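The values are calculated or read from the model by the stated rules, or taken from the named source; none is laboratory data. Here the structure is a predicted model, which means the values were calculated and not measured. Note that we place each Cβ from the backbone using ideal geometry, even for glycine, and neighbour counts take in every protein chain shown. These accessible areas exclude ligands, DNA and RNA; they are computed on the full protein's heavy atoms, side chains included. Shrake-Rupley method; radii C 1.70, N 1.55, O 1.52, S 1.80 Å.
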Amino acid sequence: MIQQNLHDGWTVRAVPGTEPVPAEIVDRSLPAGVPGCVHTDLLAAGLIDDPYLDDNEVRLGWIGRTDWTYTTTVDWRPGDDDRVDLVCAGLDTVATVTVNDVEVGRAENQHRSYRFDVGSVLRPGENTVAVRLDSAYRYAEGHRDRLGDLPNAYPEPFNFIRKTACNFGWDWGPTVVTAGIWQPIGLHRWSTARLATVRPLVTVTGAGAGDGDGDAGVEGARGAGADVGRVELHVAVERAADVPLTVRATIADVTAEVTVPAGQDTAVVAVTVPDVRRWWPRGYGEPHRYPLTVTLHDPAGTVLDEWSRRVGFRTVTLDTTPDAHGTPFTLVVNDLPIFVRGVNWIPADAFADRVTPDRLAHRFDQAIGANINLLRVWGGGRYESEDFYDLADSLGLLVQQDFLFACAAYPEEEPFATEVAAEAAEQVTRLSTHPSLVLWTGNNENIWGWHDWGWQEQLAGRTWGLGYYLDLLPRIVGELDPTRPYWPGSPWSGREDLHPNDPAHGTMHIWDVWNTDDYTRYREYVPRFLAEFGYQAPPAYATLRRALTDQPLAPDSPGMAHHQKAADGDRKLQRGLDAHLPAPTDFDRWHYLTQLNQARAIQLGVEHFRSHRGVCMGTIVWQLNDCWPVTSWSAIDGDGRRKPLWYALRRAYADRLLTVQPRDGAPAVVAVNDTGQPWRGAATVTRVTLDGEIRAKTTTEVDVPAYSVVTVPLPAELTRPDRATAELLVAEAGEGVDRALWFFAEDRDVTWPTADFDSTVERVHGGVRVRVTARTVLRDLTLYPDRLHPDAEVDEALVTLLPGETATFTVHAPVPLDGAALTIRPTFNTVN
Ligand code: BMA
């Protein structure tokens with residue numbers, strides 16, 4: 001708890017003589033943002049060009065090679081406190097902290113917090129607080145030189161420093177190695193004792209019956225009998241006086257307390273709460289939470305310290321009991337196996353101080369809007385802010401958290417072993433309060449890298465992190481938070497004698513699709529749990545136009561090329577287009593078709609994997625978001641605009657999914673029911689020509705129990721087209737379920753009629769409504785209102801209409817839009 005924030009009056013200056021810095025920065029103290037970082041400070045001072053625009057990034061490499069000093073003054077009035085601490089919630093990264101030129105502490109881990117006793121160095125009146133941040137490169141390269149280089153997927157030394165790996169660049173991110181006081185900093189005065197850590201282990205037992213307000217009916221439907229919640233609070237105190245203390249915990253009007261005798265600094269207090277309402281993930285019930293307060297008292301009963309959070313009662317386990325198919329990987333929450341409809345989360349901005357609560361809330365809204373139920377916080381990023389997990393808790397969004405190791409071998413020598421242990425213990429403790437957090441993972445792709453990326457020869461017997469993943473981290477999670485499962489890696493198959501990316505066991509990543517293979521190959525995999533798979537597309541046009549001055553924009557114009565970081569990215573995009581879609585004739589067509597292809601790839605994958613519900617119990621799409629404007633695998637671009645993939649995800653991740661899948665060489669209808677209610681009704685399947693002429697039709701009964709899947713084979717008259725390039729199947733299951741389409745040929749092989757349609761544009765509150773009635777087939781009709789105004793958004797995309805059908809699009813915009821422009825290219829797009 002920081003009692004007096006020190007967020008004002010900071011300046012930053014380059015330490016003389018460390019690295020050649022531009023002349024206008026030498027010997028200058030610039031106003032500095034705290035919390036913040038040097039890149040945003042330099043930008044605010046107008047001393048650098050925005051690294052997110054054009055190729056400015058390449059001229060800013062000196063920032064990460066410079067040492068920086070942040071300085072402020074604090075007016076100090078002594079009191080009768082026993083202790084005064086300078087509390088740093090997060091320093092990025094290699095820090096020496098001084099008060100009045102006296103060193104009070106050092107830090108070398110961005111992922112830890114620090115507390116330095118400064119009582120003896122503070123003077124009445126003005127005091128100077130300074131944080132010197134040494135070049136992260138120099139630190140990392142120094143350790144690399146000392147220990148010898150280790151395999152790494154990128155040519156940057158991020159594995160030799162405990163700092164956000166992707167700050168050194170990634171295949172979707174800029175290299176902007178920064179420094180700063182990235183979390184709150186302040187003074188904490190205290191006497192007698194304080195709460196050092198509070199670690200609530202929250203469990204619940206009982207039948208799982210709730211109050212029946214669950215949207216999917218689970219809460220109400222599950223047997224009678226009250227749930228009993230239990231909070232076991234592990235408290236550590238720091239003392240300035242050796243007196244008996246009392247720890248009191250209160251939740252839902254139940255209070256329990258325990259004495260911490262003199263000479264001791266830990267205690268456990270347990271609170272049992274009758275008749276609790278459980279915390280349920282989205283789609284299964286309400287995410288009920290309860291305020292929990294812990295107070296620390298001196299022998300006279302005076303409150304010395306107070307801590308409060310909101311906790312949720314739920315259980316979580318991982319079912320990995322071997323079965324006929326191998327080793328499942330099923331997340332079980334409140335005894336209910338969950339099919340994970342997930343996305344991978346990367347830092348929402350390369351500069352953490354820009355990730356405001358508003359931006360997080362917007363991104364989470366977008367995730368929920370796409371029917372997502374889990375975010376995986378990927379290991380090359382950050383342990384996210386309290387705001388992040390608190391939002392997830394409040395929305396019932398599940399969170400999987402990687403420990404921060406990604407795509408490289410990591411040394412287990414000192415100082416890293418000690419840093420990793422301290423960081424893990426702190427983060428496991430901090431995040432133990434959050435019901436949304438349901439799974440810890442040891443690393444991203446490092447065990448896979450050791451197996452398949454030629455590391456073993458390079459390593460020649462040296463440490464590479466396996467000790468963290470198989471020993472240290474599971475021990476820490478087991479000791480500090482046994483209420484949550486831990487899995488050593490993403491991917492990981494559950495046993496050392498298995499290949500870590502074995503589809504039949506545990507979790508898997510599929511990257512041969514995208515890197516080398518066509519996306520239809522997703523259908524050759526039925527993984528038990530797919531933790532990464534993705535397909536690229538450029539960001540929204542308005543995003544490109546904000547970030548790039550290229551005239552004209554072309555797939556390979558300089559700015560476009562700089563904002564494509566993936567190895568061979570453009571060739572892979574082209575390969576995908578060639579296999580499926582008509583050749584683009586200009587940039588606007590290329591932009592639409594590549595975005596469409598991304599959406600098609602992921603929709604095909606998700607629908608295929610969900611159609612194998614039971615064997616497969618989850619998909620986590622790579623990736624929800626971006627940290628700057630870039631061509632990437634994201635569904636939402638760096639400026640927060642939704643790509644067509646977002647709309648495809650919303651469809652593919654719907655609670656009730658109707659899809660057509662190949663089974664035994666012929667299309668079949670598959671109905672996936674991810675709700676607690678049975679899905680009963682009629683489904684109609686029609687074989688129809690592109691002109692809308694019906695060739696065959698069948699109606700079948702769909703009867704899908706809760707949380708299951710049913711496959712309905714189709715009669716031959718439906719599965720055999722007269723002319724594959726001119727026909728499709730349309731499967732419909734009535735109100736509330738999106739229809740499913742099955743084309744017998746790739747779009748590039750179809751002779752499409754030139755799109756013809758009638759349209760009306762009508763002004764509505766906050767925007768316009770566009771009604772389009774097809775005269776010919778309109779394939780994957782998508783409007784790009786951001787081409788008319790950067791803040792304009794549309795509610796639907798990728799709509800295929802047959803002749804005579806109508807679709808309505810509502811476009812929201814801050815200004816009146818040119819209605820006529822909405823229905824012509826490049827705002828209005830179809831494959832034909
Ligand atoms: C996996 C991820 C990321 C990467 C993505 C796309 O390796 O874990 O590291 O960005 O693939 O290449």
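The condition of being among the charged types (D, E, K, R) and either without any contact (Cβ under 8 Å) to a residue 60 or more places away in the chain or touching a Cys at 6+ places or on another chain (Cβ under 9 Å) (or both) holds for only one of R83, R28, R65, that being R28.
The residues of the stretch 149-158 that are under 15 Å from W453 (Cβ atoms) and more than 13 Å from the ligand (Cβ to nearest atom), listed by number, are D149, L150, P151, P155.
Quick check on the stretch 685-692. Is at least one of its residues on the phi < 0 side of the Ramachandran plot, over 35 Å from the mean Cα position of the chain (by Cα), assigned to a strand (DSSP E or B) and of a type in the set (D, E, K, R)?
Step one: of the stretch 685-692, the residues on the phi < 0 side of the Ramachandran plot are 685-691.
The next check asks that each one be over 35 Å from the mean Cα position of the chain (by Cα); those that pass are 685-691.
Then keep just the ones that are assigned to a strand (DSSP E or B); that gives 685-689.
With of a type in the set (D, E, K, R) added as a condition, the list becomes 687.
Yes, some residue in the stretch 685-692 is on the phi < 0 side of the Ramachandran plot, over 35 Å from the mean Cα position of the chain (by Cα), assigned to a strand (DSSP E or B) and of a type in the set (D, E, K, R).
Here is a yes/no grid of residues against (1) away from the ligand (no atom under 16 Å from the Cβ); (2) surrounded by 16 or more Cβ atoms within 10 Å (Cβ to Cβ); (3) in the same structural domain as L374 (by TED's automatic domain parsing):
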position: G494; (1), (2), (3): yes, yes, yes
position: D497; (1), (2), (3): yes, no, yes
position: N501; (1), (2), (3): no, yes, yes
position: T507; (1), (2), (3): no, yes, yes
position: V513; (1), (2), (3): no, yes, yes
position: E524; (1), (2), (3): yes, no, yes
position: P539; (1), (2), (3): no, yes, yes
position: A554; (1), (2), (3): yes, no, yes
position: D578; (1), (2), (3): yes, no, yes
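Out of G489, G449, G442, G467, one residue alone is touching a Pro at 6+ places or on another chain (Cβ under 7 Å), farther than 30 Å from F313 by Cα and either of a type in the set (A, V, I, L, M, F, W, C) or at pLDDT 95 or above (or both). It is G449. I'd like to know if the stretch 470-485 contains one or more residues that are among the polar types (S, T, N, Q) and under 24 Å from F313 (Cβ atoms). Within the stretch 470-485 (the criterion being among the polar types (S, T, N, Q) and under 24 Å from F313 (Cβ atoms)), the answer is yes, since at least one residue qualifies.
Select from the stretch 44-64 the residues that are open to solvent by 40 Å² or more (accessible area, probe 1.4 Å) and over 14 Å from P22 (Cα atoms) and list them in ascending order. Within the stretch 44-64, A44, L53, D55, V58 qualify. Inside the stretch 196-210, residues that are surrounded by fewer than 20 Cβ atoms within 10 Å (Cβ to Cβ) and modelled with pLDDT of 95 or more make up a count of 6.
Of the residues making up the stretch 482-492, just one is part of a strand (DSSP E or B) and more than 16 Å from the ligand (Cβ to nearest atom), namely Y486.
Within the stretch 160-174, does at least one residue satisfy the condition of being away from the ligand (no atom under 16 Å from the Cβ), in the same structural domain as V84 (by TED's automatic domain parsing), free of Cβ contacts under 8 Å to residues at least 60 places away in the same chain and not in a loop (DSSP other than H, G, I, E, B)? Walk me through it before giving the result.
Taking the stretch 160-174 first, the residues away from the ligand (no atom under 16 Å from the Cβ) are 160-163.
With the extra rule that they be in the same structural domain as V84 (by TED's automatic domain parsing), the set shrinks to 160-163.
So of that shortlist, the ones also free of Cβ contacts under 8 Å to residues at least 60 places away in the same chain come out as none.
No, the stretch 160-174 contains no residue that is away from the ligand (no atom under 16 Å from the Cβ), in the same structural domain as V84 (by TED's automatic domain parsing), free of Cβ contacts under 8 Å to residues at least 60 places away in the same chain and not in a loop (DSSP other than H, G, I, E, B).
The sole residue among T773, T725 that is at negative phi and in the same structural domain as A682 (by TED's automatic domain parsing) is T725.
Could you say which residue among E419, E423, E413, E479 is in a loop (DSSP other than H, G, I, E, B) and either within 15 Å of the ligand (Cβ to nearest atom) or modelled with pLDDT of 95 or more (or both)?
The conditions single out E413.
Looking across the stretch 615-642, the residues that are more than 16 Å from the chain's Cα centre (by Cα), more than 16 Å from the ligand (Cβ to nearest atom) and surrounded by 24 or more Cβ atoms within 10 Å (Cβ to Cβ) come down to C616, P629.
So that you can scan it fast, the table gives a plain yes or no per residue for (1) among the hydroxyl-bearing types (S, T, Y); (2) buried (at least 23 other Cβ atoms within 10 Å of the Cβ); (3) modelled with pLDDT under 95; (4) farther than 25 Å from Q401 by Cβ:
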site: T272; (1), (2), (3), (4): yes, no, no, yes
site: W279; (1), (2), (3), (4): no, yes, no, no
site: E286; (1), (2), (3), (4): no, no, no, no
site: P299; (1), (2), (3), (4): no, no, no, yes
site: S308; (1), (2), (3), (4): yes, no, no, no
site: D319; (1), (2), (3), (4): no, no, no, no
site: H325; (1), (2), (3), (4): no, no, no, yes
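Being away from the ligand (no atom under 16 Å from the Cβ) and surrounded by fewer than 21 Cβ atoms within 10 Å (Cβ to Cβ) narrows it down to one of R354, R341, so name that one.
On the way: R341 fails: surrounded by fewer than 21 Cβ atoms within 10 Å (Cβ to Cβ).
Exactly one residue qualifies, and that residue is R354.
Does G676 satisfy the condition of being within 20 Å of L374 (Cβ to Cβ), away from the ligand (no atom under 16 Å from the Cβ) and crowded, with 21+ Cβ neighbours inside 10 Å?
On the way: within 20 Å of L374 (Cβ to Cβ): yes; away from the ligand (no atom under 16 Å from the Cβ): yes; crowded, with 21+ Cβ neighbours inside 10 Å: yes.
So G676 passes the test.
Scan the stretch 427-459 residue by residue and report those that are surrounded by fewer than 18 Cβ atoms within 10 Å (Cβ to Cβ) and away from the ligand (no atom under 16 Å from the Cβ). If the condition is that a residue be surrounded by fewer than 18 Cβ atoms within 10 Å (Cβ to Cβ) and away from the ligand (no atom under 16 Å from the Cβ), then R430, Q456, E457, Q458, L459 are the ones that fit. The sole residue among R382, R376 that is open to solvent by 10 Å² or more (accessible area, probe 1.4 Å) and within 16 Å of the ligand (Cβ to nearest atom) is R382.
Among the residues of the stretch 306-336, write down those that are under 24 Å from W378 (Cβ atoms) and in a strand (DSSP E or B). Selection gives V316, T317, L318, D319, T327, T330, L331, V332, V333. Looking at the stretch 715-832, the strands (runs of 3 or more DSSP E) lying wholly inside it that each contain 1 or more residues that are open to solvent by 40 Å² or more (accessible area, probe 1.4 Å) sit at 727-732, 740-743, 757-764, 767-774, 806-812.
Among the residues of the stretch 226-268, the ones that are among the acidic types (D, E), part of a strand (DSSP E or B) and either at positive phi or open to solvent by less than 20 Å² (accessible area, probe 1.4 Å) (or both) come to 0 in all.
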